[in-house]
Amino acid sequence: MQINVTLADGSTRTIAAQEGLSVMEVLRNAGILDGECNGSLACATCHVWVDESWLDKLETPLEGEEDMLDVAFNIAPTSRLCCQIIMGPGNDGIRISMPHPL
Amino acid sequence: MTVNVDVAIVGAGPVGLFAVFACGQLGMRTAVIDGLADPGGQLTALYPEKPIYDIPGRSKIRADALVDDLLAQAEPYEPNYILGHHAQACSETSDGTFVVTTSGSRKVFARAVLLAAGAGAFGPNRPPLEGIRAFENKSVFYHVGRRDRFAGKRLLIAGGGDSAVDWALSLAEVAQSVTVVHRRDTFRALPAAVAAMQADPRIQVETPYQLVGLDGVDGHLRAVNIGRIGGNAKRIGADALLALFGLSGDLGPLADWGVHIDGKTIPVDAKTCETSRSGIYAIGDVARYPGKLNLILTGFAEAATAANAAFARVFPGKTLHSEYSTTRGVPVSTQNQHFQTA
Ligand SMILES: Cc1cc2nc3c(=O)[nH]c(=O)nc-3n(C[C@H](O)[C@H](O)[C@H](O)COP(=O)(O)OP(=O)(O)OC[C@H]3O[C@@H](n4cnc5c(N)ncnc54)[C@H](O)[C@@H]3O)c2cc1C
């Protein structure tokens with residue numbers, strides 16, 4: 001199972017992921033993001049842009065996720081908090097980008 | 001103003017508060033510095049009303065109640081609370097005493113320092129707009145302070161929570177105009193207040209928009225550029241921006257302390273919780289070692305570990321007689337807590 005990430009500098013990485021972990025946990029282990037609140041929807045440090053083609057494969061965001069996206073910056077229509085995306089067969093190979101600075 | 005203690009604790013989160021007790025049990029006097037006006041760290045700032053289920057011996061306890069208990073547990077040791085101050089610098093005198101200086105020019109003299117800094121000093125969650133710092137406190141603000149500062153101004157408020165909505169309604173009374181910019185149509189606020197804001201002819205609501213840039217000279221705004229989510233930007237004339245995006249942690253104030261910081265954490269020796277700088281310890285969320293669990297209960301244990309390790313520095317040559325709290329007891333408090341704020 002893997003995640004394809006485009007970093008803020010435009011380079012891309014493919015990262016091995018374990019089923020059942022959130023995308024945030026995988027990217028945090030890889031040193032790509034902080035995931036400060038550990039998935040408790042109390043920060044927005046795992047804000048990512050999900051590739052459009054993957055967006056409808058994901059469940060719609062919970063209200064708590066939308067609320068925390070309100071304090072993220074550089075929002076795109078495909079913005080998500082990736083602590084809420086759990087790796088499973090449905091999203092193996094998911095493509096996401098790290099928001100680059102404004 | 002100076003304060004003389006044995007141990008200076010940076011951070012009044014649950015771990016810093018328990019460190020007061022852990023140090024107190026070993027006869028060490030403490031001062032606790034926190035940038036926030038209220039103690040409790042994340043528990044107070046982020047989730048006071050949530051129940052916590054994994055505090056050993058407490059089957060369920062609300063975060064604010066845990067903070068109250070930690071304060072009560074610390075109280076007999078009469079810690080010196082220095083709240084509303086950021087711990088900014090740390091120097092060392094020739095005899096090895098640390099001098100921690102706060103943003104409010106308080107100086108804390110201590111033989112050891114415990115960094116219980118969590119995710120860093122809580123401060124405003126600052127939008128990453130180019131050049132924003134030059135505008136801060138002149139025309140860009142993160143809290144209202146005095147209302148009259150916005151009198152007659154073209155004010156732009158960014159954010160979608162209660163505070164954005166409530167302040168839009170309140171400041172519309174004094175400002176020349178108010179524009180509220182938020183990334184979606186839904187606001188996290190009382191429906192009645194949102195309806196009042198939307199109906200108010202003095203308030204222009206721009207959704208779904210976000211901040212993209214500032215325009216002005218010498219810290220004085222002329223306009224703010226806002227972008228439609230996934231669309232084009234436009235320019236809104238503005239004299240002041242109130243950016244209300246909650247809090248965010250910043251380890252920045254600790255950057256020049258001579259303590260090795262790795263991203264958002266401070267590596268320590270798990271046996272002592274000592275950092276790369278002798279006499280300075282890190283405990284709780286900020287401390288990192290292999291196998292570290294970011295839990296309150298881990299932080300409590302680290303506070304005890306660091307207090308034991310600091311003892312030798314605070315009382316050189318004195319043997320650390322090991323005793324349980326059941327044997328030692330606690331002192332009877334003579335005074336109420338000493339809260340000092342900026
Ligand atoms: C929504 C949510 C739910 C959680 N649930 C649980 C749970 O059920 N169980 C659990 O064990 N954990 C839980 N946690 C995690 C827990 O809150 C943290 O592990 C805990 O707060 C860490 O305590 P701390 O004292 O190390 O740091 P913090 O609570 O982060 O406090 C650090 C304090 O230090 C201050 N500070 C930092 N630097 C400076 C400086 N230079 N000068 C002045 N002040 C400074 C900050 O302002 C802050 O007040 C949860 C977290 C969140 C967000």
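The values are calculated or read from the model by the stated rules, or taken from the named source; none is laboratory data. All of these numbers come straight from a predicted model, not from anything done at the bench. Cβ placement follows ideal geometry from the backbone for every residue including glycine, while neighbour counts extend to all protein chains displayed.
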Report task. Starting from the range B:99-111, take each residue that is within 14 Å of chain A (Cβ to nearest Cβ) and more than 16 Å from B:PRO253 (Cα to Cα) and list its partners that are away from the ligand (no atom under 11 Å from the Cβ) and β-branched (Val, Ile, Thr), counting only C-beta distances under 7 angstrom and pairs at least six apart or across chains. Result -> none
**Report entry** Those strands (runs of 3 or more DSSP E) lying entirely in the range B:164-261 with at least 3 residues in contact (Cβ under 8 Å) with a residue 40 or more places away in the chain, in contact with a strand residue (DSSP E or B) (Cβ under 7 Å, 6 or more places away or on another chain) and surrounded by 17 or more Cβ atoms within 10 Å (Cβ to Cβ)
**Finding:** B:209-217, B:220-228, B:240-243, B:247-250
Query - Residues satisfying the stated conditions in the range B:279-305, i.e. in a helix (DSSP H, G or I) and either acidic (Asp, Glu) or within 15 Å of B:LEU251 (Cβ to Cβ) (or both) - result: B:GLY284, B:ASP285, B:VAL286, B:GLU302
Requested in this report: Please indicate, with yes or no, whether at least one residue in the range A:79-96 is within 10 Å of chain B (Cβ to nearest Cβ) and buried (at least 16 other Cβ atoms within 10 Å of the Cβ).
Outcome: yes
Query raised in the report: Restricting the range B:136-149 to residues that are touching a Leu at 6+ places or on another chain (Cβ under 6 Å) and not polar (S, T, N, Q), which is nearest to the other protein chains (Cβ to nearest Cβ)?
Result: B:VAL140
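Rundown of residues vs (1) at pLDDT below 95; (2) closer than 24 Å to B:GLU206 by Cβ; (3) of a type outside the set (Gly, Ala, Ser), yes/no style:
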position: B:LEU241; (1), (2), (3): no, yes, yes
position: B:PHE245; (1), (2), (3): no, yes, yes
position: B:SER248; (1), (2), (3): yes, yes, no
position: B:GLY252; (1), (2), (3): yes, no, no
position: B:ALA270; (1), (2), (3): no, no, no
position: B:CYS273; (1), (2), (3): no, no, yes
Report task. Considering every residue within the range A:49-56, establish whether at least one is within 9 Å of another protein chain (Cβ to nearest Cβ) and without any contact (Cβ under 8 Å) to a residue 12 or more places away in the chain. Result -> no
Report task. Confirm whether B:ILE296 is in contact with a helix residue (DSSP H, G or I) (Cβ under 9 Å, 6 or more places away or on another chain), assigned by TED's automatic domain parsing to the domain that holds B:ALA19, surrounded by 14 or more Cβ atoms within 10 Å (Cβ to Cβ) and not hydroxyl-bearing (Ser, Thr, Tyr). Result -> yes
Query raised in the report: What about B:VAL144, is it in a loop (DSSP other than H, G, I, E, B) and touching a residue at least 60 places away in the same chain (Cβ under 8 Å)?
Result: yes
